[in-house]
Amino acid sequence: MPESTEPPATPARDAASVDRAIRALRLIAVAQILGVVLLVGGMALLVVDLVRNHTLDCSGFGFAGTGVVSCTKHSYAWPVGLMIGGFGLTVLGVFVSTQLAVKHVGAPIMRAALARRRVLEGRAGDDPS
């Protein structure tokens, strides 16, 4: 079995690694929260634009002092862009956090489980009964 080329783990190295992982997970959590906020904001803006575009009253003309009646429709580009951006940011955050979890949590657990399995299989081979 090939030996690892990594230097042995020290408490200081483990603490620095844990600190980096915590900072990374906080940053990912903030990105996911921001993505959800953008998604919800885009949905709210879309509803406002839908209501505004379908309730336009363009039958009258503006009088002096009251302003000009605007019959222009609002574009759906901003709401759709916000929703796509928020969804993409959320999915990216989920993907990155899953990759980190698999790498830093799942892989060591899998290694430990496989090592235990090898030990148990080795014991079962040694048992004469």
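Structural remarks
- For region 93-111, the count of residues that are surrounded by 15 or more Cβ atoms within 10 Å (Cβ to Cβ) and free of Cβ contacts under 8 Å to residues at least 40 places away in the same chain is zero.
Okay, residues lined up against (1) modelled with pLDDT of 90 or more; (2) among the charged types (D, E, K, R); (3) out of contact with any Cys (no Cβ under 8 Å at 6 or more places or on another chain):
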position: CYS71; (1), (2), (3): no, no, no
position: TYR76; (1), (2), (3): no, no, yes
position: PRO79; (1), (2), (3): yes, no, yes
position: PHE87; (1), (2), (3): yes, no, yes
position: VAL91; (1), (2), (3): yes, no, yes
position: GLN99; (1), (2), (3): no, no, yes
position: ALA107; (1), (2), (3): no, no, yes
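The values are calculated or read from the model by the stated rules, or taken from the named source; none is laboratory data. Here the structure is a predicted model, which means the values were calculated and not measured. Virtual Cβ from ideal backbone geometry, glycine too; neighbours counted across all protein chains shown.
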